[in-house]
Amino acid sequence: IAGITQAPTSQILAAGRRMTLRCTQDMRHNAMYWYRQDLGLGLRLIHYSNTAGTTGKGEVPDGYSVSRANTDDFPLTLASAVPSQTSVYFCASSDSGTSRLSTDTQYFGPGTRLTVL
Amino acid sequence: GENVEQHPSTLSVQEGDSAVIKCTYSDSASNYFPWYKQELGKRPQLIIDIRSNVGEKKDQRIAVTLNKTAKHFSLHITETQPEDSAVYFCAATGGNQFYFGTGTSLTVIP
């Protein structure tokens, strides 16, 4: 069992280029999230998805888009990268919901270090 | 939305001493408060959590306390060891969206 994986591990990207960060989980969690982590600012939510087919905006959504075609995958796309999007990106998932078995605990992927020049 | 503040931003303790990290939150609807530990270059990992129906929870050397009236919760690490050195994040949520504190860099001096 892999848990939650992200690709690529790191990437250097020219400004203006399009980039998709991949995230896959095999825990059958209904909810998935994308965060960016910047020094001194902690983890900030970009987008989230409560279940396949639905997405929502987090705290810092501008410049990013997501899709959730199935339970396992939650890609994050930068349509036209800018230097301010240089950051470490973490994907997370959780078994959130009304079931008594839901824990809400978020499990994080290993992260993608993105540098936009 | 929720606002989570975390203090201190850096903390140094001697090995064997205790460390305390405090967080405050603003939304009284928040009901789940996890703590994550992040070692350099690695992913955040859950170390302990507490729900709003509980005032204190302990797991070996770590404990978390929650004061719902004052809207603050704290992480306590006793008998600190060098491997406790990391960045610790608190978070609060009343639904799916987690709101994280800005982190505390803990250094345990041997």
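Since every read-out is calculated from the coordinates, none of them should be taken as a lab result. Here the structure is a predicted model, which means the values were calculated and not measured. Neighbour counts run over all protein chains shown; Cβ positions are idealised from the backbone, glycine included.
Coordinate range of the alpha-carbon atoms in the range B:41-100 per principal axis, descending: 34, 25, 16 Å. Debye calculation, C-alpha points only, no solvent: report log10 I(q)/I(0) for the range A:1-62 at q = 0.17 Å⁻¹, in the same order as the q values. Taking Cα atoms of the range A:1-62 as identical point scatterers yields -0.76.
For B:Ala86, the residues whose amide H sits under 5 Å from its own are B:Leu106, ignoring neighbours fewer than 5 places away on the same chain, with H placed 1.01 Å from N. Comparing B:Asp49, B:Asp17, B:Asp84 in a Gaussian network model of chain B where C-alpha atoms under 10 Å apart are linked, the largest mean-square fluctuation is found at B:Asp17. The Cα atoms of chain A give a gyration tensor whose axes a ≥ b ≥ c have a/c of 1.5 or more with a/b greater than b/c, which makes the shape prolate. The order of A:Arg113, B:Arg43, going from fewest to most other C-beta atoms within 10 Å of their C-beta, is A:Arg113, B:Arg43.
Under a Gaussian network description of chain A, with springs only between Cα atoms under 10 Å, the residue in A:Gly58, A:Gly16, A:Gly40 that fluctuates furthest is A:Gly40. Among A:Arg68, A:Arg44, A:Arg36, B:Arg51, sorting on how many other beta-carbon atoms sit within 10 Å of each Cβ, with the fewest leading, yields B:Arg51, A:Arg44, A:Arg68, A:Arg36. When the Cα gyration tensor is reduced to axis lengths a ≥ b ≥ c, the ratio a/c is 1.5 or higher for chain B, and with a/b above b/c it is classed as prolate.
Pairwise alpha-carbon distances in the protein assembly as shown exceed 26 Å for 37% of all pairs.
Take the Cα of B:Lys58, step 7 Å toward its Cβ, do the same at A:Ile12, and the gap between the two points is 5.2 nm. For a straight C-alpha distance cut-off of 12 angstrom, the aspartates and glutamates reachable from B:Lys71 (same-chain residues fewer than eight places away being disregarded) are B:Glu2, B:Glu5, B:Asp27.
Annotation: amide H of B:Gly94 within the under-5 Å range of B:Asn31, sequence separation 5 or more or interchain, hydrogens built in the peptide plane. Across chain A, the mean sequence separation of Cα contacts (distance under 8 Å, 6 or more residues apart), normalised by length, yields a relative contact order of 34 percent. In this simple spin-label approximation, A:Ser67 and A:Ala52 carry label points 7 Å from Cα along the Cα→Cβ vector, and these lie 1.5 nm apart.
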